[in-house]
Amino acid sequence: MKRLFLLSVLCLLVLGISAQTAKEEIFADVYRSAANYYAYPAVTAVQTAPPAGYKPFYLSHYARHGSRFLIDPDDYEQPLEVMREADRNGVLTGLGKKTLCVLDSMSRMAKGRYGELTPLGARQHRGIAERMYKNFPEIFKGQVEIDARSTVVIRCILSMMAECNQLQALNPKLRFKNDASYHDMYYMNFSGDPHIKEMRKSPEVKAAKEAIRKEHIHPERLMKTLFANTDYLKWKVDAGELMTSLFDVASNMQSHDTGLELYSLFTKEECYDLWQLSNRGWYISFGPSPLTKGEMPSVEANLLENILNTADTCVVRKDSYATLRFGHESCLLPLACLLELDDCGYQTDDLDKLDAIWRNYKIFPMAGNIQFVFYRKKGSDDILVKVLLNERETKLPVKSDVAPYYHWKDVELYYRNKLEALRK
């Protein structure tokens with residue numbers, strides 16, 4: 001009886017943890033509010049053993065680059081100049097002066113490195129490579145060929161090299177083909193669909209985003225802690241713009257090996273509010289939002305087709321193989337939605353209910369990745385596959401009697417039909 005009671009308590013605890021709201025998750029780890037600036041979290045997921053006799057032979061992945069500096073010089077310089085001018089006018093509080101010093105330090109650190117990979121970003125990809133090697137050792141035995149491709153952006157190229165160098169260190173016999181060419185950009189980072197671009201700029205989308213900003217940006221408390229003169233603040237400072245700019249810098253600082261921080265400027269409630277601004281914005285512009293007719297994920301049709309075609313080629317090979325691709329969050333997120341991994345394909349018109357299901361920090365943190373892992377069994381033609389999102393096993397929109405493993409023939413048929421429907 002005592003054992004049954006303890007088991008019941010444990011089940012209730014597990015259910016309670018799994019049922020955390022987005023607000024509770026962000027309050028527990030405020031760094032999650034950084035959304036696409038969220039540094040790759042520690043991996044604790046355990047891999048489910050495959051059905052008897054099945055062994056991995058092919059791995060295909062698309063990874064976002066690792067942690068980076070902010071891309072635009074204005075991301076640092078604009079809030080810095082606002083604070084400098086206020087300091088020259090003698091209207092900063094003590095906290096305002098400290099904030100100015102941190103902004104100045106971050107601006108100096110970033111100068112000439114805008115958008116570049118940080119040392120943490122390289123470590124993230126080395127860790128991913130090490131776990132791939134540990135979790136699927138059969139794939140990386142002997143003189144296996146690794147086809148690694150990157151977009152032409154330097155942070156992606158360096159992420160590719162970090163991952164490949166770690167694999168090479170674990171097995172010097174691995175044979176790598178590394179490439180970063182405009183030749184592959186049509187699927188590695190496709191952005192040429194004018195229809196998609198126009199939908200993102202439609203009056204309905206602009207109005208929705210403006211309404212979201214009004215609902216979730218509340219800078220009054222923060223401004224009072226930074227500025228001693230309310231008249232100056234009213235006349236000279238765009239408070240909402242400064243708040244979001246400071247939050248971007250604060251969010252991205254977790255990508256650096258530094259003791260500096262700005263997150264303490266914000267209450268947890270403000271962090272949650274600002275995350276909702278980001279979560280809803282990404283959902284509308286890159287996710288399956290009905291506001292953009294659920295069409296945004298279709299921008300990754302070329303990437304999905306490349307994954308399917310390359311897998312077909314590798315399935316008929318006798319040897320093991322791996323295909324590694326390195327790109328951006330603006331590709332990874334819509335790809336996860338197109339694949340309908342877990343709840344990534346969730347659609348709702350009610351944005352107030354969105355974060356109960358759809359949370360962007362779970363999809364595309366720095367170094368976020370999707371891995372297809374293929375398994376075969378000696379004497380059987382039935383190929384199995386499982387798909388990992390940030391190294392966690394996911395549910396696919398396909399029936400399976402061996403989940404989280406799926407029969408490749410069923411998975412491929414589903415996605416081929418989806419691509420055909422998209423292109424009609």
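Is at least one residue of the range 382-393 assigned to a strand (DSSP E or B), open to solvent by 40 Å² or more (accessible area, probe 1.4 Å), out of contact with any strand residue (DSSP E or B) (no Cβ under 6 Å at 6 or more places or on another chain) and not acidic (Asp, Glu)?
There is at least one residue in the range 382-393 that is assigned to a strand (DSSP E or B), open to solvent by 40 Å² or more (accessible area, probe 1.4 Å), out of contact with any strand residue (DSSP E or B) (no Cβ under 6 Å at 6 or more places or on another chain) and not acidic (Asp, Glu).
Return the residues of the range 91-144 that are open to solvent by 60 Å² or more (accessible area, probe 1.4 Å) and in contact (Cβ under 8 Å) with a residue 60 or more places away in the chain; say none if nothing qualifies.
Leu95, Met109, Pro119, Arg131, Asn135, Glu138, Lys141
Evaluate the range 360-372: report whether one residue or more is over 25 Å from Glu420 (Cβ atoms) and free of Cβ contacts under 8 Å to residues at least 60 places away in the same chain.
yes
Within the set of pairs 6+ apart or on separate chains, which have a first residue in the range 188-205 that is within 24 Å of His65 (Cα to Cα), a second that is of a type in the set (Lys, Arg), and C-beta atoms under 9 Å apart?
Correct list of pairs: Met188/Arg149; Met188/Arg325; Ser191/Lys197.
Answer yes or no: is there a residue in the range 307-330 that is closer than 29 Å to Glu25 by Cβ, in contact with a helix residue (DSSP H, G or I) (Cβ under 8 Å, 6 or more places away or on another chain) and open to solvent by 30 Å² or more (accessible area, probe 1.4 Å).
yes
How many residues are open to solvent by less than 30 Å² (accessible area, probe 1.4 Å) and either in contact with a Phe, Trp or Tyr (Cβ under 8 Å, 6 or more places away or on another chain) or not in a helix (DSSP H, G or I) (or both) if we restrict to the range 273-300?
12
Would you confirm, using the coordinates I've provided, whether Lys362 is open to solvent by 70 Å² or more (accessible area, probe 1.4 Å) and farther than 24 Å from Thr313 by Cα?
Answer is yes for this residue.
When you scan the range 338-358, do you find a residue that is basic (Lys, Arg) and either in contact (Cβ under 8 Å) with a residue 40 or more places away in the chain or touching a helix residue (DSSP H, G or I) at 6+ places or on another chain (Cβ under 6 Å) (or both), even just one? Outline the logic, then answer.
Going residue by residue through the range 338-358, those that are basic (Lys, Arg) are 353.
Next cut, either in contact (Cβ under 8 Å) with a residue 40 or more places away in the chain or touching a helix residue (DSSP H, G or I) at 6+ places or on another chain (Cβ under 6 Å) (or both) only: none.
Looking through the range 338-358, none of the residues is basic (Lys, Arg) and either in contact (Cβ under 8 Å) with a residue 40 or more places away in the chain or touching a helix residue (DSSP H, G or I) at 6+ places or on another chain (Cβ under 6 Å) (or both).
Which residue, of Ala301, Ala311, Ala322, Ala356, is under 20 Å from Ala22 (Cα atoms), among the aliphatic types (A, V, I, L, M) and over 15 Å from the mean Cα position of the chain (by Cα)?
Values: Ala301 fails: under 20 Å from Ala22 (Cα atoms); Ala311 fails: under 20 Å from Ala22 (Cα atoms); Ala322 fails: under 20 Å from Ala22 (Cα atoms).
Sole residue among the options that is under 20 Å from Ala22 (Cα atoms), among the aliphatic types (A, V, I, L, M) and over 15 Å from the mean Cα position of the chain (by Cα): Ala356.
Would you confirm whether any residue within the range 410-418 is open to solvent by 40 Å² or more (accessible area, probe 1.4 Å) and touching a residue at least 60 places away in the same chain (Cβ under 8 Å)? Break it down stepwise before answering.
First, the residues of the range 410-418 that are open to solvent by 40 Å² or more (accessible area, probe 1.4 Å): 410, 413-414, 416-418.
Now restrict to residues that are touching a residue at least 60 places away in the same chain (Cβ under 8 Å): 416, 418.
Taking every residue of the range 410-418 in turn, at least one turns out to be open to solvent by 40 Å² or more (accessible area, probe 1.4 Å) and touching a residue at least 60 places away in the same chain (Cβ under 8 Å).
The values are calculated or read from the model by the stated rules, or taken from the named source; none is laboratory data. Small disclaimer: the values here were computed from a predicted structure and weren't measured. Cβ coordinates were reconstructed from backbone atoms using ideal geometry, including for glycine residues, and neighbour counts include every protein chain displayed. SASA here: full protein model, heavy atoms, side chains in, ligands and nucleic acids out. Shrake-Rupley method; radii C 1.70, N 1.55, O 1.52, S 1.80 Å.
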